[in-house]
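Can you read through this structure? Questions will come right after.
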Amino acid sequence: MMLVEAHQLSKSFGGLRAVDRVDFSVASGSITGIIGPNGAGKTTFFNLISRALPASSGRILFDGRDVTALAAHQVARLGVARTFQATTLFADATAVDNVLVGYRQRTKSGVLDALLRTGRLTREEGEARAASRDALAFVGLDAFAGRRAQDLTQEQQKRLAIALALVAKPRLLLLDEPSAGINAEQTRGLISLIEEIAAAGVTVLLIEHQMQVVMQLCQRIMVLDYGRKIAQGTPDEIRTDPAVLDAYLGRH
Amino acid sequence: MHLLPWAALLAAVIVPLLLPNEYYLQILTQGYVFAISACGLNVILGLAGQLSLAHSGFFGIGAYALALLATKAGISFWIGLPAGVALCAVSGYAIGSICLRSKGHYFAIFTMAVGIIIHLVIQKWESLTRGHIGVIGIPGPGPIGPISFDSTLARSYLALFFLVITVLAISRLVRSPVGRTLMAVRESEPLAAAVGVDVMAAKRLAFTISASLAGLAGGLFAGFIGFLGPESANVEMTFNTLLYVMVGGIGSLAGPVAGTFIVYGLSQVLAVLQHYQMIIFGLALVLLILFMPAGLAGAARSLMRQRVSEVKPS
Ligand SMILES: Nc1ncnc2c1ncn2[C@@H]1O[C@H](COP(=O)(O)OP(=O)(O)OP(=O)(O)O)[C@@H](O)[C@H]1O
Ligand SMILES: [Mg+2]
């Protein structure tokens, strides 16, 4: 079953076609990779799927439902979670407060609950804190719950961003270059974390520059170049695809 | 740490009794009222990170609502006050829905224009507001049961009561999921949206609360002074309030209150200097932004952090 489908999806910035009529689908439960040279349109493709940017044309289906016209927070609530290429966190807040914001979509308490400290608020806060503790423990940050996000190491920040994305139990997780800026050993840790996420039933779509990470993790790969999909297939197929070799090696 | 609010409250209860005359008592009362307004500005600016310059427009709406309801329709202070707050909430929601489509500097400029328009409407709609002449004979708060609010002392305690409620309400809000959502919007809108936060709704909520608190302060101001002119809704008032918040510390709970008392108190002391006052404040503001961008509360916070890390190096 397909969890995400893009039909003729396009995004233009002025005259530049950053994503150009891409047809692609992601199978439920899989780990899928998107690769391509710098500026190929990978992040823009993520921004279209997560509705951070409106598409210029084409359609996006999530779980069979047309989400092309929804706002970013609406698709998030349907179960689409993401991280950002330049690790983005609520920098001045503690790790646990970051993750708590991620759980907010599951709770209903409003201003009156806050002012009157209603039973609903207390119950939901309990739920939210338990879920946040679990998410922090899952990414291995339970000991850093009280630390400000900006005071964490680069690797910890990446893990926190994943905890923040996972806390509300999404169905799809979009990871934009998770291994950028961390060393080889930390990358190995991250790979096993992503495997655990997939094992827990979350479909993962991953942009990655490091080939061995993509080849090791992904069942399927899409290759973008100048906004166009130039290839898709298994890691073995992609490794030997002439168009891919040309895009990567042909112009150095 | 937790003793500090109680100590401040105790001082606030005792100080009025020690003041030598009515004049100081009136200044103190106005200080409380402006502090409520500053707390309101802090909700949109400090919690949600949006610089609204329409603030004293809402102060004016709250003030004129009470004044006109009382003088034209004979409606009491106790009905006029919540009516003014409600009007500010509704108009804040509507105006916020429009202004919040713009971001950053554009939002600041847009809201400043709104503030100027509100001020102009109040000033020019002479048949309703009597323009420059202003509204006089606004009744103050009537007695509640055996408690009368005719004395300046009683009114100062009433203003203090509203200020305490305001600070308490905001502190509950800050520590709730609603407060965390506003924090998220302030820190990163794209991330907030990506985790399911309706950014527009969150900002609109903060704007509405902020406008309502400005209206509350405006209503109290009108009822306590008994007369009202259009300058109460002046953009200059917004900048004064902004100064209170910035001196105290944007985003902190007690900062806006402390900032109000320091700046407003000083401005009363320096009143003899008249026009030079603005030069002094202008200079102080520049120095503040350069050396203490997070205000007094921010300076105190980083001082404490420093001490903690000196005690147990990590
Ligand atoms: N908001 C924007 N406005 C204008 N142009 C943009 C915008 N976002 C991306 N672009 C352009 O679209 C093209 C694709 O950018 P995108 O960030 O999607 O590439 P990418 O494949 O993620 O690259 P990288 O590997 O460097 O992250 C680039 O030419 C980029 O300059
Ligand atoms: Mg990118």
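Considering only region A:39-61, how many residues are on the phi > 0 side of the Ramachandran plot and either within 13 Å of ligand 1 (Cβ to nearest atom) or aromatic (F, W, Y) (or both)?
Let us first name the residues in region A:39-61 that are on the phi > 0 side of the Ramachandran plot, namely A:39, A:41, A:51, A:58.
From the residues that got through so far, the ones that are either within 13 Å of ligand 1 (Cβ to nearest atom) or aromatic (F, W, Y) (or both) too are A:39, A:41.
Within region A:39-61, residues that are on the phi > 0 side of the Ramachandran plot and either within 13 Å of ligand 1 (Cβ to nearest atom) or aromatic (F, W, Y) (or both) number 2.
Where in region A:41-146 are there helices (runs of 4 or more DSSP H), lying wholly inside it, with at least 2 residues that are closer than 30 Å to B:L168 by Cα and away from ligand 2 (no atom under 16 Å from the Cβ)?
Details: elements: A:42-49, A:72-78, A:95-103, A:111-116, A:119-138.
It comes to A:95-103, A:111-116, A:119-138.
Still on this model: Within region A:163-174, can you find the residues that are in a loop (DSSP other than H, G, I, E, B) and open to solvent by less than 10 Å² (accessible area, probe 1.4 Å)? Spell out how you get there, then give the answer.
Filtering region A:163-174 down to residues in a loop (DSSP other than H, G, I, E, B) leaves A:167-171.
A:V167, A:A168, listed by residue number.
Scan region A:86-97 residue by residue and report those that are open to solvent by 10 Å² or more (accessible area, probe 1.4 Å), more than 19 Å from A:A143 (Cβ to Cβ) and facing another protein chain (nearest Cβ under 7 Å).
Scanning region A:86-97 gives A:T88, A:A91, A:D92.
For region B:121-153, how many residues meet the condition of being of a type outside the set (V, I, T) and within 21 Å of the chain's Cα centre (by Cα)? I'd like the intermediate steps shown before the answer.
Restricting attention to region B:121-153, the residues satisfying the condition of being of a type outside the set (V, I, T) are B:123-128, B:130-132, B:134, B:137, B:139-143, B:145-146, B:148-151, B:153.
After this cut, where a residue has to be within 21 Å of the chain's Cα centre (by Cα) as well, the list is B:140-141.
Number of matching residues: 2.
So in region A:98-153, with the set limited to residues that are more than 10 Å from chain B (Cβ to nearest Cβ) and among the aromatic types (F, W, Y), which one is least open to solvent (accessible area, probe 1.4 Å)?
So, considering only residues that are more than 10 Å from chain B (Cβ to nearest Cβ) and among the aromatic types (F, W, Y), the one least open to solvent (accessible area, probe 1.4 Å) is A:F144.
Looking only at region B:95-120, count how many residues are of a type outside the set (F, W, Y) and under 20 Å from the mean Cα position of the chain (by Cα).
First pass over region B:95-120, keeping only residues of a type outside the set (F, W, Y): B:95-105, B:108-109, B:111-120.
Keeping just the survivors that are under 20 Å from the mean Cα position of the chain (by Cα) gives B:95-96, B:99-100, B:108-109, B:111-119.
The number of residues fulfilling the criteria is 15.
Another question, then. Among the residues that make up region A:45-59, is at least one of them within 15 Å of the chain's Cα centre (by Cα), modelled with pLDDT of 95 or more and more than 14 Å from chain B (Cβ to nearest Cβ)?
Yes, some residue in region A:45-59 is within 15 Å of the chain's Cα centre (by Cα), modelled with pLDDT of 95 or more and more than 14 Å from chain B (Cβ to nearest Cβ).
Restricting to region A:175-227, name every residue that is within 13 Å of ligand 1 (Cβ to nearest atom) and part of a loop (DSSP other than H, G, I, E, B).
Of everything in region A:175-227, those that are within 13 Å of ligand 1 (Cβ to nearest atom) and part of a loop (DSSP other than H, G, I, E, B) turn out to be A:E177, A:P178, A:S179, A:A180, A:G181, A:E208, A:H209, A:Q210, A:Y226, A:G227.
Confirm whether A:L61 is touching a residue at least 40 places away in the same chain (Cβ under 8 Å), of a type in the set (A, V, I, L, M, F, W, C) and touching a strand residue (DSSP E or B) at 6+ places or on another chain (Cβ under 8 Å).
On the way: touching a residue at least 40 places away in the same chain (Cβ under 8 Å): yes; of a type in the set (A, V, I, L, M, F, W, C): yes; touching a strand residue (DSSP E or B) at 6+ places or on another chain (Cβ under 8 Å): yes.
For A:L61, the condition - touching a residue at least 40 places away in the same chain (Cβ under 8 Å), of a type in the set (A, V, I, L, M, F, W, C) and touching a strand residue (DSSP E or B) at 6+ places or on another chain (Cβ under 8 Å) - is met.
Mind listing whichever residues of region A:183-206 are touching a Leu at 6+ places or on another chain (Cβ under 7 Å) and aliphatic (A, V, I, L, M)?
A:I191, A:I194, A:I197, A:V202, A:V204, A:L205, A:L206
A follow-up question, please. So A:I35 passes all but one of these: (1) more than 23 Å from A:L193 (Cβ to Cβ); (2) within 13 Å of ligand 1 (Cβ to nearest atom). Which condition number does it fail?
(1)
When region A:23-38 is examined, which residues are found to be more than 20 Å from A:L173 (Cβ to Cβ) and either away from ligand 2 (no atom under 16 Å from the Cβ) or in contact (Cβ under 8 Å) with a residue 24 or more places away in the chain (or both)?
Taking region A:23-38 as the starting set, the residues that turn out to be more than 20 Å from A:L173 (Cβ to Cβ) are A:23, A:37-38.
A:D23, A:P37, listed by residue number.
Keeping to region A:13-35, report how many residues are open to solvent by less than 40 Å² (accessible area, probe 1.4 Å) and in a strand (DSSP E or B). Spell out the reasoning first.
We begin by selecting, within region A:13-35, every residue open to solvent by less than 40 Å² (accessible area, probe 1.4 Å); these are A:18-20, A:22, A:24-27, A:30-35.
Now drop any that are not in a strand (DSSP E or B), which leaves A:18-20, A:22, A:24-27, A:31-35.
Selection size over region A:13-35: 13.
Now, a different point. Need a quick list: helices (runs of 4 or more DSSP H) entirely within region B:123-235 having at least 1 residues that are more than 13 Å from chain A (Cβ to nearest Cβ) and open to solvent by less than 30 Å² (accessible area, probe 1.4 Å).
On the way: elements: B:126-129, B:152-174, B:177-187, B:189-194, B:199-225.
Answer list for region B:123-235: B:126-129, B:152-174, B:199-225.
Ok, one more. Taking region B:1-48, which residues are within 16 Å of the chain's Cα centre (by Cα) and open to solvent by 40 Å² or more (accessible area, probe 1.4 Å)?
Passing the criteria: only B:Q30.
The values are calculated or read from the model by the stated rules, or taken from the named source; none is laboratory data. Nothing here was measured: the structure is a model prediction, and the numbers come from that model. Methodologically, a virtual Cβ is constructed for each residue, glycine included, from the backbone with ideal geometry; neighbour enumeration extends over all protein chains shown. Just the protein is used for accessible areas: all its heavy atoms, side chains included, with ligands, DNA and RNA removed. Shrake-Rupley method; radii C 1.70, N 1.55, O 1.52, S 1.80 Å.
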